[in-house]
Amino acid sequence: MAGNWLPPAEITGSGRPVLRPGEIECSTLSSVDLLSEENPGFPHLRSGLLILTTHRLLWLPDSTIPSSAGSAVFIPLSAVTHIFPLKKSIKAMFASPRIRFQASAGPQGQVQERGSKSMAINLIVRGKSDVESFLEKFWEAWRGRGWVEDAKSGSDGPSASGSGSGSGLALKMPVVGVAGILRKEQEIWESTDKNMQDAFQDLNALMSKAKEMVILAEKMRMKLLSSSNNNAGSNDEDMGTKEEMQDWLLSVGIASPVTKESAGALYHQQLSRQLADFIRIPLDRAGGMINLIDAYCLFNRARGTELISPDDLMRACSLWEKFNVPVMLRKFDSGVLVIQTKSYSDNEVFSRIKSLVTKADALRVGISASDAAMTLGVAPAMAKEHLLAAEGKGLLCRDVSPDGFRFFINIFQDVDADYIYLVKDHGIYADWISSASTQRQG
């Protein structure tokens with residue numbers, strides 16, 4: 001029903017809005033009702049998340065609140081025609097704050113830019129938020145007109161005046177007396193000013209290109225995520241190209257990182273959702289599991305100057321249990337924290353470890369964490385956790401020596417308790433006997 005009045009907004013799997021090229025988040029409000037009292041047919045959207053960007057005003061249903069229902073919609077700032085100031089009265093002090101603005105609409109009533117009609121839309125803020133600060137940012141974003149692309153990418157510098165343009169052809173006067181010294185200082189200042197203008201023009205061009213590259217990277221990241229979900233199998237060449245693309249995207253960074261200034265009280269919730277979206281590519285590269293320290297370094301590198309603390313990361317990961325996101329935080333028995341996908345299965349890792357530990361050399365001398373790390377393609381610390389988990393499942397046995405831990409296949413499962421001296425001619429026990437006999441003969 002809301003789609004008949006407001007255009008739908010695209011969101012990610014973790015509930016974050018998909019931003020448009022050049023769009024930056026400005027502020028966030030929680031528990032916001034969106035309605036139009038003048039139009040009875042306009043849907044009453046309750047207890048949603050309101051996100052203000054430089055281009056749009058997005059309303060997202062809050063998945064943590066049962067009363068919040070509906071689909072994500074948005075109001076383009078280009079359709080807003082007027083923003084009313086907050087009402088200052090005794091009655092308003094005891095009621096939920098209201099933000100009222102006018103937007104243009106089409107003949108059918110749908111909000112759109114340059115519509116033939118106009119309607120008043122109300123935002124009722126029921127959560128505890130700084131409404132005045134949000135309204136101020138609403139004014140700034142609307143007046144800033146960030147959605148308007150400049151027709152001219154770069155304008156020519158100001159034309160030189162008559163004296164400036166002819167200075168190259170004019171004869172230089174000798175520096176004599178106070179007037180000559182002043183004239184020389186003036187020439188130095190003009191030259192310095194021209195150099196600074198050229199430098200700032202180059203800097204603006206560089207920043208513009210960098211912004212375009214970040215926007216392009218964001219588009220390619222979303223396309224890469226969608227292709228990884230749709231195409232399960234691919235050849236080695238495609239996988240190599242995809243890995244190179246992932247490395248490049250990770251180095252570019254996040255176009256609009258969540259900050260305390262833009263998200264306010266919802267900072268950790270929005271940070272949690274953005275982290276869930278970001279970590280999907282590193283998880284694909286790591287096989288479905290990544291160390292929390294590595295995730296912290298990658299996420300901070302992608303955020304640029306908007307760094308987060310380890311406590312913020314822990315709080316963001318702990319909130320995944322409340323959200324329907326495809327990733328989760330896991331803690332091993334040793335206390336090591338990792339991030340893994342919900343579809344990640346230890347059985348696949350255990351099967352690879354079993355194939356490694358049942359080789360002839362491994363049957364004789366066992367394997368170390370470094371050996372398992374080379375097979376699994378993970379860090380030795382992570383490989384050790386997998387080996388300890390396999391030991392806990394009864395797949396491996398551990399030998400502790402001054403050289404460190406060595407893990408062997410558990411052959412006690414093949415030993416019959418009633419016939420402990422019976423040597424079987426099949427199974428892992430037989431392979432172990434054969435390997436030991438070969439070593440003695442050698």
Selection count where residues are surrounded by 14 or more Cβ atoms within 10 Å (Cβ to Cβ) and either outside any helix (DSSP H, G or I) or touching a residue at least 60 places away in the same chain (Cβ under 8 Å) (or both), scope segment 118-139: 15
Looking only at segment 316-358, which residues are small (Gly, Ala, Ser) and either under 30 Å from Asn410 (Cα atoms) or over 25 Å from the mean Cα position of the chain (by Cα) (or both)? Ser334, Gly335, Ser343, Ser345, Ser351, Ser355
Considering Phe101, Phe94, which residue is surrounded by fewer than 18 Cβ atoms within 10 Å (Cβ to Cβ) and either more than 30 Å from the chain's Cα centre (by Cα) or at pLDDT below 85 (or both)? Phe94
Within segment 6-18, take every residue that is out of contact with any helix residue (DSSP H, G or I) (no Cβ under 7 Å at 6 or more places or on another chain) and buried (at least 21 other Cβ atoms within 10 Å of the Cβ) and give me the one that is nearest to Ser104 (Cα to Cα). Leu6
Lone qualifier among Ala381, Ala316 - being in contact with a Leu (Cβ under 6 Å, 6 or more places away or on another chain) and assigned to a helix (DSSP H, G or I): Ala316
Could you check how many residues of segment 359-381 are at negative phi, in contact (Cβ under 8 Å) with a residue 40 or more places away in the chain and within 33 Å of the chain's Cα centre (by Cα)? 4
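The values are calculated or read from the model by the stated rules, or taken from the named source; none is laboratory data. Keep in mind it's a predicted model, so treat the numbers as computed, not measured. Using ideal geometry, Cβ is built from the backbone for each residue, glycine included, and neighbour counts are taken over all protein chains shown.
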